[in-house]
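Reviewing the structure listed below.
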Amino acid sequence: MPKYTQILFDADNTLFDFSTSSHLAFNDLLVHFGVKQDTDLYEVYKPINAKAWAQLESKELDMDGVRTTRWQLFWEQLGLAHNSNLSNDIYLENLVKHCFLLEETIEVLDHLSKIDGLSQHIITNGMKDAQRPRITKLDLDKYFETITVSDEIGFAKPDPRFFDHVFAGISEQEKSRFLVVGDSLRSDIQGGINYGIDTCWFNPDGKVNDLQIRPTYEITKLLDLKNIIS
């Protein structure tokens, strides 16, 4: 029996290559509205989007707020006035169209799926319009015992109520058997720490951790999970 029997994976930029998908979906959105790019406008959108998600994690915004605020602020920055809800719908539709996995995802999921007594789960703060369609499109459902999407339950990581919901769907209740794996210190790692679960920070770009958030493990490659779990 492995030390950890319940692996809680974040989705975007942990399993999915969200950065590539998001950039392509964003470009398609601009094409839809006939917006020409002299410079890469994704660099304008990124900090606006990041702030909106941070506000979700701190409960300053709900998910509907994220849906509209990020696009409203982005269009205002450009001096344009396109519909925020429509912008979000078009972006998510294209996000599903342009969905990719990180290079080592399938190898890791295959490896873990063969370990007796181990179950894999997805815990994501993403929007329901994109998360489940992408999981299904890439045939990932078969790997996961449960899939928890914050947009469906009304709570987002790091809120302990998110993890209450996760635990309610799993028969194993011993927290020492759980490991959270994710790329976000503030949502994945802090959420796991707050709930008393070991954590693994996936940090492929070697970012400096200048926060007072200390994961149990830090890895730069998903494949390094093999050494931690098996």
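Using R₀ = 25 Å, calculate the FRET efficiency as 1/(1 + (r/R₀)^6) where r is the Cβ-Cβ separation of D110 and K137; round to 0.05.
Values: r = 18 Å, r/R0 = 0.73.
E(calc), rounded to 0.05, equals 0.85.
Relative contact order for the range 18-147: what is it in percent, counting Cα pairs under 8 Å that are at least 6 residues apart? Don't jump to the answer; show the numbers that get you there.
Working: 99 pairs, mean separation 34.8, N = 130.
Relative contact order, the range 18-147: 27 percent.
Is the C-alpha gyration tensor of the range 117-161 telling us rounded, prolate or oblate? Criteria: a/c under 1.5 is rounded; beyond that, a/b larger than b/c is prolate, otherwise oblate. Provide the component values of the computation, followed by the final result.
Details: a/c = 3.14, a/b = 1.23, b/c = 2.54.
Oblate shape, in that a/c is at least 1.5 and b/c is the bigger or equal ratio.
Shape of the range 1-81 from its Cα gyration tensor (a ≥ b ≥ c, root eigenvalues): rounded if a/c is under 1.5, otherwise prolate when a/b > b/c, or oblate?
Details: a/c = 3.35, a/b = 1.77, b/c = 1.90.
In terms of gyration-tensor shape, oblate.
Counting only protein heavy atoms and a 1.4 Å probe, tell me what percentage of the range 1-108's accessible area is made up of carbon and sulfur. It would help to have the intermediate numbers written out before the result.
On the way: 2680 of 5250 Å².
The nonpolar share, carbon plus sulfur, comes to 51 percent.
Largest first, what is the accessible-area ranking of T124, T39 with a 1.4 Å probe? Display every interim value, and only then the final one.
Working: T124 0, T39 95 Å².
These residues rank, largest area first, as T39, T124.
Using the basic label-point model (7 angstrom from Cα toward the beta carbon), what is the V208 to E76 distance in nanometres?
Spacing of the two 7 Å Cα→Cβ label points: 3.2 nm.
By how many degrees, 0 to 90 and rounded to 10, does the Cα axis of helix 18-32 deviate from the longest principal axis of the chain?
Its long axis makes an angle of about 20 degrees.
With the other protein chains left in place, how much accessible area per residue, in square angstrom, belongs to the chain at a 1.4 angstrom probe? Working shown, then result.
Details: 10840 Å² over 230 residues.
Heavy-atom SASA per residue in the chain reads 47 Å².
Rounded, prolate or oblate, given the Cα gyration tensor of the chain, with a/c below 1.5 counting as rounded?
Details: a/c = 1.91, a/b = 1.73, b/c = 1.10.
Judged from the Cα gyration tensor, the chain comes out prolate (a/c at least 1.5, a/b above b/c).
How do 209-220, 57-68 rank on mean C-beta neighbours within 10 Å, highest first?
On the way: 209-220: 13.6, 57-68: 15.7.
Top of the packing list down: 57-68, 209-220.
Treating cross-link reach as a plain straight distance, find the lysines whose alpha-carbon is under 18 Å from the alpha-carbon of K142, omitting any fewer than eight places away in the same chain.
K114
Could you give me the ³J(HN,Hα) list for the range 108-117, computed from phi with Karplus coefficients 6.51, -1.76, 1.60 and θ = phi - 60°, whole Hz, x at Gly and Pro?
Per residue, the Karplus-derived 3J(HN,Hα) values read 5, 5, 4, 4, 5, 5, 9, 8, 4, x Hz.
Probe radius 1.4 Å, ligands and nucleic acids left out: which of E43, E172 has the largest accessible area, and how do the rest follow? Present the calculation step by step, with values, prior to reporting the outcome.
Working: E43 100, E172 55 Å².
Heavy-atom accessible area, descending, gives E43, E172.
Mean separation of Cα pairs under 8 Å and 6+ residues apart, divided by the residue count of the chain: what relative contact order is that in percent?
Working: 341 pairs, mean separation 59.2, N = 230.
Averaging sequence separation for qualifying contacts and normalising by length gives 26 percent for the chain.
The values are calculated or read from the model by the stated rules, or taken from the named source; none is laboratory data. This is a predicted model, so every value here is computed, not measured. So basically every Cβ, Gly included, is an ideal-geometry build from the backbone, and we count neighbours across all protein chains shown. Protein only, heavy atoms only, side chains kept; ligands, DNA and RNA dropped before computing areas. Shrake-Rupley method; radii C 1.70, N 1.55, O 1.52, S 1.80 Å.
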